[in-house]
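Each value in this text was obtained by applying a stated rule to the coordinates, not by laboratory testing. It should be emphasised that the depicted structure is a prediction, and the values quoted were computed from it without experimental measurement. Using ideal geometry, Cβ is built from the backbone for each residue, glycine included, and neighbour counts are taken over all protein chains shown.
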Amino acid sequence: MSSKPPLPPDEPEFEGDYRPADPANPHAHLDPVNARVETADLNYLVRLADALNTTLDLDTLLNRTAELVRTLIDYRIFAILLLNDRTHELRMRFQIGHTPQTERIRVPLGRGVVGQVALTRQSILLNDVSTSAIYFAVNPDVRSELCVPLIAKNRLIGVMDIESEQADYFRPEHLHVLTLTASRIAQATENARLYTRVSRQAEVLAVLNEIAVELTSILDLDPLLERVGQLLRRLIDYQMFTIMLLDEKGEVLITRYAWRFGYAHAPLRRISVSSGLVGAAVREWRPINVPDVRKDSRYLPMNPETRSELVVPLFYKGRVIGVLDLEHTRPGFFNEGHERMLTTLAAQVAIAIENARLYQAVRRQERQLERDIAMAREVQLRLLPAAAPEQPNAEMAVRFLPARTIGGDLYDFLDYGAGRTAIVLGDVSGKAAPAALFAALVSGIMRSAALHHPEPAKMLANLNDALQERKLESQYVTLLFALWNDETRTLTVANSGAVQPIFCRQGQSNAMRAEGFPLGLFPDVVYDEIRLEAQPGDAIVFVSDGILDAENDQGAMYGEERLSHLLCASRDNPPAEIADAILADVARFQGAHDRFDDETIIVLRVR
C-alpha cells in the first residue's frame, strides 16, 4: 500500500490510494468525486498509451508497463507471463521480486491462480490465498494475489500477476485499473512480439544468406562440415550437433562431423536408415522434431544427456544425401522456428556438400590426368629425336617449346640413305593431349612410309590418303617435308599448309613459297615441290606458326620480317646458337603475354 497522504478534495486521486466510483451507485457519474476518478482513469490510460506506443522493443515495453502499474499499486512482487502457443504453457517473461527458481517455472493452463486465469480468461482477486483451493504456493510469504488475463483480438496473450505479502492488500479498485490496463498491454505486447519475430526473421534471412555465400566458397568437405557447425550456432544454440552422410548404396548413415558441448567429436559411427531418429528422417523424407527422446521408441541412446532432438534431411536433386542432427539437454528445446531455419539451411548445406564432393572427384581426376599427361609427355619426347643429325656439308639444330605440358607440334629427321636426310616439321590442330595423340599417329604413319624413301610431294600425298582412311572429326595437320641432299647441296620442299621456310644468303633473306592443303581435310590432293640449290654460308630456318604468330602486349605479331632479319644477322653462328637466339628474341617480344601455341625451330646451315 502507498504511504502517500490523500490528495486535496479539488485534485484528482491518481497515485497511491486509488478510489474509483462505486459500481453499486447508478448515479455515480454525477458525483464530483467520481468525475475526478474518471478523469484519473482517462489520464492514466493516456499515459499508458503514450508509454506503450513509443516502443516496439518487448523488454522496454514490459518494463514501462511495470513502472506505470506501480504508480497505481505499490507492489513488491510483479510478473507478466506469456503463453507459448505450441506447449500451451505460461512462461514468466518479465518479473520483479521473484526468485530465479520461480522465474524458470512453466505453468500449464488451469494450474494455480495464473493457470486458472489463463484458462477461464477471467480475473481473480484473492485477499487470502490460504483459503483458495486453486492456489499453489511458490513463495510461502505471499498472502494475497491479483491476476488479470491479457487478451488481444479475442486471443489470450498471457496474464499479469501481482502478489503481496500482506493479507487483504488488493481492493476492487486495483482490479478495476488492471482490467482497464490489460487489453492495451496485451495489444502492445502482441505488436512488440510480432515486430520481434519479423526482426528475427530478417536477421535469420541475412545470416542464412551470409552462410550460403560462405559455404559456396569452401570446396574441401571436412573444413566445410566443420564450418557448417560453427555457422549454425549463430542461429540455434544447440549443445550437440552431428552431420551424417549416406553411403553410396544409400543404406547406412556415416558420421562425418560431430560437436558436443564445445568440442569437435567425430567417432566413426554407422547407423542403418532402418533405425533411429536419423533413419526415420531419411525414410520419411521430412524433419523429425522430438521434444523428449525418452518417450520415443525410435531413439537410439547415443548421448545419455540428450532430451530433445531435431533431425533434418539433406536433399539434393530429389534424393536424400544425409542429415543434420541437433540435440539439447532441455526437453522441448527445438521449436517450429528452429525447424524452419534448419530446413532452409539444409538446402544450402546439401548443395555445398555435393559441390565439395564434386570438387574432390574433379581433383582426383585432375591428379590422375596430371600423371597421365606427365607420362604422355615422356612418351612424346621419346618419339621426338633427341638431336639433329650431322652431315659433311650441313649442320642442323632443333628447339621445341610446347605451350602446355604436351604439345601439338611434331618434328623429325628421317634417314633417306646416301647422304640424304628428310626434315619434317608439322603442327596438329588443337592443343594438349588430343593434339599430341594425333601427332603420334601422323608420326607413326610417316615413319612407316619413309621406309620406301618417297619424294616430299609423294610423301605428303601418301600421308593425306592414310589420314583420310582414319578420318577424325575436325582433326588435321599442316606439315612441311623437306629433303636435304648433302652431296649436291640441294633442298627439295613440299608443304601442306605449314609456315614456309626462310633462307638467308649473303645477307638477303627469301621465303620458299611452297603451299598446299593441310593433311586429312580433302581426298586425292596433289602437292608441288620446290628445289633450292644451296651455297656455302646459307642459313635456312623452319619454324612452326607459334613463332610467327607470337603476340606482345599490344597485340602485334612477331612476323616473318623480324624472323628474317634475325636469321641474317646471326647466319654465321652455329645452328644451335641461331635457334636459341630466335627463341630468346620471341620471348623478349612477348614480354608478359602468355604463349598460346607451341614453338618449334629447325635451323640448317650449309658449311
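Quick notes
- Full extension of the segment from Arg470 to His452, taken as 0.36 nm per residue of separation minus the current Cα-Cα distance, would add 4.4 nm.
- Phi angles of segment 242-257 translate, via the Karplus equation with coefficients 6.51, -1.76, 1.60 and θ = phi - 60°, into HN-Hα couplings of 9, 10, 10, 10, 6, 6, 4, 7, x, 10, 10, 8, 10, 5, 10, 7 Hz per residue; Gly and Pro are given as x.
- Between Val138 and His265, the simple spin-label model (points 7 angstrom out along Cα→Cβ) gives 3.3 nm.
- 20 °C / 1.002 mPa s Stokes-Einstein diffusion coefficient of segment 216-360, Kirkwood radius on C-alpha pairs, µm²/s: 143 µm²/s
- In range of the label at Lys317: residues from segment 226-253 whose backbone nitrogen is under 17 Å from the point 7 Å along Cα→Cβ: 246-250
- Förster-model FRET efficiency, 25 Å R0, Gln230 and Leu300, C-beta, rounded to 0.05: 0.45
- Amide H within-cut-off set for Gly322, under 5 Å, with H built and near neighbours excluded: Leu246, Leu314
- Extending 7 Å from Cα along the Cβ direction at Asp415 and again at Ala584 yields two label points whose distance is 3.4 nm.
- Extension reserve of the Arg121-Lys249 stretch, reckoned as 0.36 nm per residue once the Cα distance is removed: 40.4 nm
- Taking the inverse of the mean reciprocal distance over all distinct Cα pairs, the Kirkwood hydrodynamic radius of segment 341-411 comes to 16.5 Å.
- 18 Å reach of a label modelled at Ser217, 7 Å along Cα-to-Cβ, counting backbone N of segment 229-264: 229-232, 234
- 0 to 90° range, to nearest 10: angle between helix 172-215 axis and the chain longest Cα axis: 10 degrees
- Restricted to Cα atoms, the chain shows a radius of gyration and a Dmax of 46.1, 143 angstrom.
- Among Ser272, Ser132, sorting on how many other beta-carbon atoms sit within 10 Å of each Cβ, with the fewest leading, yields Ser272, Ser132.
- As a ratio to 2.2 N^0.38 Å, the alpha-carbon radius of gyration computed for segment 384-470 takes the value 1.15.
- Convex hull volume per residue, computed on the Cα atoms of segment 210-277, equals 106 Å³.
- FRET efficiency estimate (nearest 0.05) - Cβ-Cβ, Leu109 to Thr71, R0 35 angstrom: 0.65
- For segment 384-606, the Kirkwood estimate of hydrodynamic radius, built from reciprocal distances between every pair of different alpha carbons, is 17.5 Å.
- Rg and Dmax over the alpha-carbon atoms of segment 261-330 stand at 12.2, 35 Å.
- Calculated on C-alpha atoms, the gyration radius of segment 168-258 divided by its Kirkwood radius gives an Rg/Rh of 1.35.
- Nitroxide proxy distance, nm - points 7 Å out along Cα→Cβ at Ala374 and Glu165: 8.3 nm
- 0 to 90° range, to nearest 10: angle between helix 432-450 axis and the chain longest Cα axis: 20 degrees
- Extension gain, Glu336 back to Leu381 (0.36 nm per residue minus Cα-Cα distance, nm): 9.6 nm
- Packing order of peptides 379-386, 92-99, highest average first: 92-99, 379-386 (average count of other Cβ atoms within 10 Å over each peptide's residues).
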